[in-house]
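Structure first, then comments.
The values are calculated or read from the model by the stated rules, or taken from the named source; none is laboratory data. The structure displayed is predicted, hence computed values, not measured ones. All Cβ positions, glycine included, derive from the backbone under ideal geometry; neighbour counts span all protein chains shown.
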Amino acid sequence: MVNILADILLELKNLKTKFKTYNGEVKAVDGIDLTVHKKEVLGILGESGCGKSATALSIMRLIPSPPGEVCADKMELRGVELQFLTEKQMSKVRGNEISMIFQDPLSALNPTFTVGEQLMELLMLHQGFDRNTAYHKAIEALNIVQIPAAANRLSDYPHQLSGGMRQRVMLAMACACSPSLLLADEPTTALDVTVQAQILDLLSQLQSEMEIAIMLITHDLGVVAEIAQRVAVMYAGVVVENATVQNLFAKPLHPYTQGLLASLPLLEVEQERLNVIPGGVPNMLDLPSGCRFHPRCPHCWQICRLQEPPLFSQNESEVRCWLFAQGIDK
Amino acid sequence: MPVAYYVVIIFFAVFAPFFATHNPTYISLDREQIKLPPTASHFFGTDNLGRDIWSRMLFGARISLLIGFLTMIITVILGVAIGAVSGFYGGKLDFIMMRFVDILLSLPTIFLVIILAAFFKPNFFGIAAIIGMTSWMRTARLVRGQFLSLKEEEFVAAARALGYSDCRIIVFHLLPNVRPLIIVDATLLIAQAVLLESALSFLGFGVQPPQFSWGSMLSASQHIVFLGEAPWTAFFPGTAIFITVLCFNFFSEGLRDAWDPKLKNIVC
Amino acid sequence: MGNRYLKRLATLLLSLFIVSLLAFTLIELSPGGAMARYLENPKISQADRARIALRFGLDKPAPVRYLIWLRNTVQGDLGISLMTGRPVLTEILERLPATLKLMTFSFIISLFAAIAIGIYSATHRHSLGDNLAAACSFLFLSLPSFWFGLLMIYLFAIRLDWLPAGGMITPWFDPDKYPLPTRPFVIFWEHTRYLLMPATVLSLSNIGSWSRYMRSSMLDVVSQNYIRTARANGVPERKIVYKHALRNALTPLVTLVGLNLPSFFAGAVVTEQIFAWPGMGRLFISAAGNRDYQVLMGITIITAVLVLLGNLLADFLYAFLDPRIKCEG
């Protein structure tokens with residue numbers, strides 16, 4: 001690994017999140033390890049239902065407790081174990097040290113309060129400003145996310161703004177208190193392509209200027225390619241590949257990642273049909289034995305059906321695949 | 001459980017003459033007989049005119065329940081008819097009818113009912129008619145809403161393509177789909193009707209003597225002095241009304257849960 | 001936005017027109033019509049009837065009478081009561097404050113109780129309190145108010161003698177013998193103790209239905225995305241419930257309350273009768289009993305006006321609470 005250990009911002013070890021449903025127990029996140037370093041963008045790549053959103057919510061401790069249960073060996077932010085904090089302490093951390101932005105900015109903003117009120121509430125809460133100071137700080141925050149005529153925007157309601165603007169407002173709210181980590185859950189999925197590009201640029205800027213680390217959750221390879229430095233690929237609740245973004249695109253290791261990259265339509269070559277990964281995402285209530293990907297894997301061996309592979313190191317990456325084990329009888 | 005209650009109540013009501021121990025309208029001015037607390041021979045005591053309350057309850061049950069039931073039928077017929085036509089045809093007709101319904105809903109129904117009852121001095125059926133004619137609005141709205149969405153369904157287009165007349169489509173194809181909704185609503189309507197009829201009789205505008213219902217039994221016991229001396233005259237009829245209404249409401253909740261949890265979202 | 005309210009006003013006037021027409025027609029169609037009051041009394045001779053008819057203008061044909069009534073009403077003259085001979089407007093205005101007092105008190109009780117219970121039930125879902133509240137709501141909805149009123153009178157007035165059984169205020173007959181109370185609490189209690197029972201009886205069924213509605217509205221709101229955002233931003237739970245969630249949950253309740261306004265009047269009629277509260281409801285009943293159609297028409301129109309105004313107010317409130325509506329209109 002390139003980065004120094006002292007630079008580690010968030011460390012997750014063996015995070016498990018379960019949901020008790022009527023039909024059984026769903027292990028949305030089944031033992032993942034992640035580290036986020038300062039000022040870096042970690043991309044979490046995966047299809048819907050693979051547990052990436054659940055991971056983010058678990059870090060924020062926003063998983064509703066009756067059906068959900070979160071446990072981890074370690075969940076440390078700058079050395080502070082998040083699991084041991086009381087609810088009150090945690091609410092001080094949220095929005096302050098760690099922020100989160102969500103997929104659909106319209107439904108994520110309270111329709112009965114103006115943008116200004118929502119921003120100012122945040123500032124007054126975490127930073128203890130009075131109304132006047134908060135007002136000015138709010139304008140500052142809107143300027144950072146490049147919203148024109150910020151002072152006027154403060155008295156607008158969320159439904160009066162366009163989708164891109166709303167997402168910027170959400171970013172403003174998330175960064176207003178200068179958090180060290182930003183969790184972005186599919187921030188561009190609900191936006192037009194051109195606006196997507198703008199938001200991604202903005203995220204990059206925030207990363208470099210405000211020194212915020214970003215955990216970017218997405219299913220879009222393009223987004224990952226654009227701003228991430230490292231990527232963790234998730235499948236059915238576990239991390240299957242952990243690599244730098246260059247390595248991931250140049251030399252994908254896990255068959256799933258290979259499949260994802262292969263399914264991208266190529267501009268240069270004429271294709272009659274797009275490549276797909278055969279089969280479908282497994283039912284979380286009824287996971288396949290052994291390696292979760294084995295029913296769809298073109299290289300499936302006997303051992304893949306029997307035992308789930310651990311993460312193997314391969315140069316600078318990690319891969320959860322028996323293909324990369326040394327000295328095992330396949 | 002509430003079903004058991006109905007069976008009991010209806011049974012008693014129908015076979016009242018067998019269970020009544022005394023002639024319910026027999027007035028006795030005997031000093032000892034009036035305002036008796038419940039005793040062995042008079043299960044629920046007697047009222048201020050010496051009439052046995054138990055027997056009056058039984059016969060009163062007939063009236064109260066019958067009026068409730070009749071009202072429900074009238075309301076359902078009116079409500080479904082208007083709602084169906086309004087929802088099915090839509091457009092201007094629907095608009096006008098719904099404005100009309102809105103206007104009617106803005107008047108307290110009890111005002112209209114009292115005016116009608118006072119001026120027309122209705123008999124048994126008349127009361128049912130009056131209450132029915134002022135309660136159909138909510139049902140109509142419900143049915144209309146359903147029809148508005150149902151008529152876009154494919155089977156309606158198919159039926160039209162087969163040449164079925166509108167009337168046929170409404171009655172044979174669309175109505176059966178709303179049947180669970182109507183039945184749930186109907187049970188609620190019975191409860192509401194019983195309540196309304198009792199209120200009306202209580203105020204003196206409902207059933208007139210010598211006929212009596214539970215509501216009118218209550219009205220006699222209004223006077224303070226009387227209430228103090230003989231509270232059982234108020235207690236029994238009132239409780240009967242309460243439990244009946246409660247059971248019908250329970251019943252409708254149960255039906256709703258059993259048939260379609262989605263129905264819960266409809267605002268009453 | 002002004003357009004919208006103009007439309008509402010037009011609808012309001014139209015509604016009033018239709019309501020009055022309806023009431024008038026119904027009375028006309030009844031046996032005896034407007035003269036019903038006098039037709040049954042055998043002591044009134046034919047000549048007397050003719051005289052009365054002339055006096056009250058009842059000899060003119062119905063449509064003409066309606067238009068005359070309409071014209072008079074718009075100018076504020078609601079006619080003369082057939083019972084007492086006094087102007088209808090005076091009769092009503094004498095009693096309107098009492099009814100309004102009762103209804104306002106009851107409305108406030110209902111609203112606060114329902115909101116409080118609703119919030120509690122939503123935040124402590126499936127707890128003992130929630131289930132108890134649900135059971136109680138159900139009971140309240142099925143309760144015949146007149147019976148409950150009688151029960152309360154029996155318990156509190158007769159047996160326990162804590163509260164008065166009827167009337168609105170203690171008449172103070174002789175200011176020489178009994179000095180008027182001056183301590184504010186005594187005055188307050190004097191006014192309030194008559195209100196307590198009737199207002200409670202009137203509010204019960206509304207508390208039942210409104211609290212259930214509030215509960216489901218809160219539950220609905222709390223599962224929305226913006227609440228999740230607020231939590232993610234670190235807003236403490238209390239603030240989330242009372243500031244963010246409540247604001248959004250109140251709007252559907254406002255609509256429901258507006259729809260329920262007529263039922264307040266209906267309930268008032270019965271409650272006033274039981275507790276001998278000198279309000280419009282009682283006037284209505286005695287007018288109905290005496291078939292005093294002038295008073296009946298008067299009360300009907302005034303009630304309709306009040307209800308429709310209330311709805312307009314609810315509309316305003318709704319726009320205030322939910323800015324999305326403000327912009328659409």
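The table below lists the values:
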quantity: In the range A:157-193, the residues that are surrounded by fewer than 16 Cβ atoms within 10 Å (Cβ to Cβ) and either modelled with pLDDT of 90 or more or not aliphatic (A, V, I, L, M) (or both); calculated: A:His159, A:Gln160, A:Ser162, A:Gly163, A:Ser178, A:Thr189, A:Asp192
quantity: Condition check for B:Pro237: modelled with pLDDT under 75 and either under 18 Å from the mean Cα position of the chain (by Cα) or not in a helix (DSSP H, G or I) (or both); calculated: no
quantity: Some residue of the range A:91-103 being under 19 Å from the mean Cα position of the chain (by Cα) and either among the hydroxyl-bearing types (Ser, Thr, Tyr) or more than 13 Å from chain C (Cβ to nearest Cβ) (or both); calculated: yes
quantity: Helices (runs of 4 or more DSSP H) contained entirely in the range B:81-166, each with at least 2 residues that are at pLDDT 85 or above, within 14 Å of another protein chain (Cβ to nearest Cβ) and more than 29 Å from C:Val269 (Cβ to Cβ); calculated: none
quantity: Residues (β-branched (Val, Ile, Thr) and either in contact with a helix residue (DSSP H, G or I) (Cβ under 8 Å, 6 or more places away or on another chain) or not in a loop (DSSP other than H, G, I, E, B) (or both)) located in the range A:161-191; calculated: A:Val169, A:Thr188
quantity: Residue match in the range C:245-265 (condition: closer than 30 Å to A:Lys92 by Cβ and free of Cβ contacts under 8 Å to residues at least 12 places away in the same chain); calculated: no
quantity: So A:Arg131, is it under 28 Å from C:Ala249 (Cβ atoms) and more than 14 Å from chain C (Cβ to nearest Cβ); calculated: yes
quantity: Number of positions in the range B:106-116 that are surrounded by 23 or more Cβ atoms within 10 Å (Cβ to Cβ) and closer than 18 Å to C:Asp292 by Cβ; calculated: 6
quantity: Yes/no for C:Asn248 being at the interface with another protein chain (Cβ under 10 Å from one of its Cβ atoms) and surrounded by fewer than 20 Cβ atoms within 10 Å (Cβ to Cβ); calculated: no
quantity: Condition met for C:Leu89 (touching a residue at least 40 places away in the same chain (Cβ under 8 Å), touching a Leu at 6+ places or on another chain (Cβ under 7 Å) and closer than 27 Å to C:Leu306 by Cα); calculated: yes
quantity: Any chance C:Ser216 is among the hydroxyl-bearing types (Ser, Thr, Tyr), under 18 Å from the mean Cα position of the chain (by Cα) and away from chain A (no Cβ under 14 Å); calculated: no
quantity: From the options A:Asp156, A:Asp201, A:Asp185, residue that is on the phi < 0 side of the Ramachandran plot, of a type in the set (Asp, Glu) and more than 14 Å from chain C (Cβ to nearest Cβ); calculated: A:Asp201
quantity: Subset of the range C:281-299 that is within 9 Å of another protein chain (Cβ to nearest Cβ), surrounded by 23 or more Cβ atoms within 10 Å (Cβ to Cβ) and on the phi < 0 side of the Ramachandran plot - its residue that is modelled with the lowest pLDDT; calculated: C:Tyr293
quantity: Residue count, the range A:104-120 (criterion: at pLDDT 85 or above and more than 7 Å from chain C (Cβ to nearest Cβ)); calculated: 8
quantity: Test: A:Ile147 is more than 14 Å from every other protein chain (Cβ to nearest Cβ) and part of a loop (DSSP other than H, G, I, E, B); calculated: yes
quantity: Leading residue by the ranking (surrounded by the fewest Cβ atoms within 10 Å (Cβ to Cβ)) among those in the range C:261-276 that are at pLDDT 85 or above and more than 9 Å from chain B (Cβ to nearest Cβ); calculated: C:Glu272
quantity: Members of the range C:10-32 that are over 17 Å from B:Met97 (Cα atoms) and within 21 Å of the chain's Cα centre (by Cα); calculated: C:Leu13, C:Ser20, C:Ala23
quantity: Entirely in the range A:1-120, the helices (runs of 4 or more DSSP H) that have 3 or more residues that are touching a residue at least 24 places away in the same chain (Cβ under 8 Å) and within 23 Å of A:Leu260 (Cβ to Cβ); calculated: A:52-59
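Residue by residue, here is whether (1) surrounded by 14 or more Cβ atoms within 10 Å (Cβ to Cβ); (2) acidic (Asp, Glu); (3) closer than 30 Å to A:Thr17 by Cβ; (4) out of contact with any Pro (no Cβ under 9 Å at 6 or more places or on another chain) holds:
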| residue | (1), (2), (3), (4) |
| --- | --- |
| A:Glu270 | no, yes, no, yes |
| A:Asn283 | no, no, yes, yes |
| A:Ser289 | no, no, yes, yes |
| A:Cys297 | yes, no, yes, no |
| A:Leu306 | no, no, yes, yes |
| A:Pro309 | yes, no, yes, yes |
| A:Glu318 | yes, yes, yes, yes |
| A:Cys321 | yes, no, yes, no |
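Rundown of residues vs (1) at pLDDT 90 or above; (2) among the basic types (Lys, Arg); (3) farther than 19 Å from A:Ile227 by Cα, yes/no style:
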| site | (1), (2), (3) |
| --- | --- |
| A:Ala6 | no, no, yes |
| A:Leu9 | no, no, no |
| A:Lys16 | yes, yes, yes |
| A:Tyr22 | no, no, yes |
| A:Gly31 | no, no, yes |
| A:Lys39 | no, yes, no |
| A:Leu62 | no, no, yes |
| A:Pro67 | no, no, yes |
| A:Glu76 | no, no, yes |
